[in-house]
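Rule-based calculations on the coordinates, nothing more; no lab input. The model shown is predicted, which means the values in this text are computed figures rather than measured ones. With ideal geometry, Cβ positions are generated from the backbone for all residues, glycine too; neighbour counts draw on all protein chains shown.
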Amino acid sequence: MPWSLPWRRPRSTPESPAVRAPLEPRGAAEDVEAALADAEASLSAQPAVALQNAEQVLRARPQSPRALRVAAAAARALGDTETALDHLTLLLHLEPRDSVSAASMAALLRGAGQHARAARLLERQLERDPAQAVLRLELAQALYAQARHADAAEQLRRVLAAEPGHAAALNLLGLIVARETGELEEGEALVRAALHAAPGWNAASSNLGWILAEQGRLGEALELFAAVLERAPGDAETRFMRACALLKQGRFQEGWRDYEARHDADFPSAAANRQAAATVNAPRLDSLDDVSGRRVRVLAEQGLGDQIMFASCLPDLIARGAHCTVECEPRLKALFERSFPAARFSAERSSGDASDFQLMAGSLPGFVRNRWEDFPRHEGFLRADPAAVSAWRKRLAELGPGLKLGISWRGGMSSTRRQLRSLALDELLAPLAGRGHHFISLQYGDCARELTALPSGLPPVHHWPDELSDYDRTAALVAALDGVISVCTAVVHLTGALGKPAWVLTPAVPEWRYLAEGTRMPWYPSVHLVRQSHGEPWGPVVERSRRLAETALG
């Protein structure tokens, strides 16, 4: 899954009570109240002891709400989600109006990726106690995780209607407004209000830094990031957010250094990458000085587009004499094997192959792409199947005279801001119509309904979904086209990696890969960025892209 980028949701860190000496488990016949008091006192520093004592009490009093709360909190502190959920389920059966425990259970469910279940629990609880802000805040987070952005914002606004200075609600609403709708100024005001309510709050400070960086106010953003990292040097999420801000400004060496923080960040994809790296019995590669003759396993990360982008660094590693085994998404395997014959490719997440070193693919640029001049002026580093390209050229020629242009109008997923980088198909086609060009869909996913619902007067779009399901065949199709007009999506990376011209409809608030300004992507010399201004509709951007493509292609 592509990275679900930089934002931080509200967290709380309770203060630790005074630590007592570790306790021996108590028998059911002993003083239950004293046992529970000792368990509560040891909860912060000795959660295993607290869990033992609470469960001893539960053997004598299986329906003790106090013991269930301690046991659930201790299990949660130990990372035993299943046990914590068991205790909370029973506790809520006994005390259904316990909103604090319901919020704790919902947070555990969200941590386990069960966002819909968490939302159902919270909605039921709010029917019993609609005034509980903690429940609405948890519900907003569960809805946000399901990309139900408007519903999440509604819950947060209800919290703020009752409590205008609620810092956590202001923080999360500011992020939704800024990140998901692109309303950066409104998002900034909300997060600043959160910081007014909770001065020095690290999560809100780094969120404000991200919003300022998206506005191009990098100096202010870097000051905020630095202040957070001075207070919390191990804050991997803030360091990663700073990496994205620096990379977006073209400050590659500094950016790649901070980009390594993604290994330690609290993102689901980061946890999956750590687990994958742990299966390879080899140290992480930290230098290219001694890789000649050594076996290096490059681990796949992120989506198709990023895997293609990072693969542009493989020739640098191979040229230093490394024997590379590279993981990749299965759809890329045949294309990569043809393009990098000196490397081995595996569509498996990891295997038992012996290796001397391992590294994540996204760490390669930190070795070889630290300055603008480090990016090669290539004419394409991926190689499509020549026979398939020839067959496609013949098929496309049968469409008649005119440019053969690939198009893609939807990019990313809900977690990667699809709504900011997508447009309707008819919105794309209207400025392109009437020029005698032929349009070929490169849109992944089910788009049959959009194609059949096109208004009359717009040019037809040729769509061959079977060819798009196999990226090797897609590469051959793209290589046979005259060019591509696309939103920010994996098709842009494929087109640029093949050395074919592309004109990219770049949103006003793009991801870091597309930089903050300029018309070029350093990774792909053939790709041209056509930028949307803040508040500008897509029509003029498409019109500019069309004129640029016609000028370049004749």
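Could you compute the FRET efficiency for L94 and A227, with r as their C-beta to C-beta distance and R0 at 45 Å, rounded to 0.05? Let's see the in-between values first.
Numbers: r = 45 Å, r/R0 = 1.01.
After rounding to 0.05, the efficiency reads 0.50.
In a fully extended conformation the segment linking H462 and K394 would gain 23.0 nm over its present Cα-Cα distance, using 0.36 nm per residue. Only lysines eight or more places from K404 in sequence, or on another chain, were considered; those with a Cα closer than 21 Å are K394, K500.
In the P(r) worked out for region 386-553, what percent of Cα pairs fall beyond 20 Å? It would help to have the intermediate numbers written out before the result.
Details: 6686 of 14028 pairs.
Result for the distance tail: 48 percent.
In what sequence, highest mean first, do 520-527, 324-331, 547-554 appear when ranked by Cβ atoms within 10 angstrom?
Working: 520-527: 20.9, 324-331: 19.2, 547-554: 13.4.
Going from most to least packed, we get 520-527, 324-331, 547-554.
Separation of region 518-554 from region 82-126 is 49 Å, based on Cα centroids. Debye-formula intensities of the chain, expressed as log10 I(q)/I(0) at q = 0.07 Å⁻¹, are -0.50 (one equal scatterer per alpha-carbon, no solvent). For R117, put the label point 7 Å out on the Cα→Cβ axis and report which residues of region 124-150 keep their amide N under 17 Å from it. Inside the label zone: 124-125, 139, 142-143, 145-146.
So what is the relative contact order of the chain, in percent, for Cα pairs below 8 Å that sit 6 or more residues apart? Present the calculation step by step, with values, prior to reporting the outcome.
Numbers: 950 pairs, mean separation 55.4, N = 554.
Once normalised by length, the contact order is 10 percent.
Take each peptide in 293-306, 54-67, count the other Cβ atoms within 10 Å of every residue, and average; sorted highest first, the result is 293-306, 54-67.
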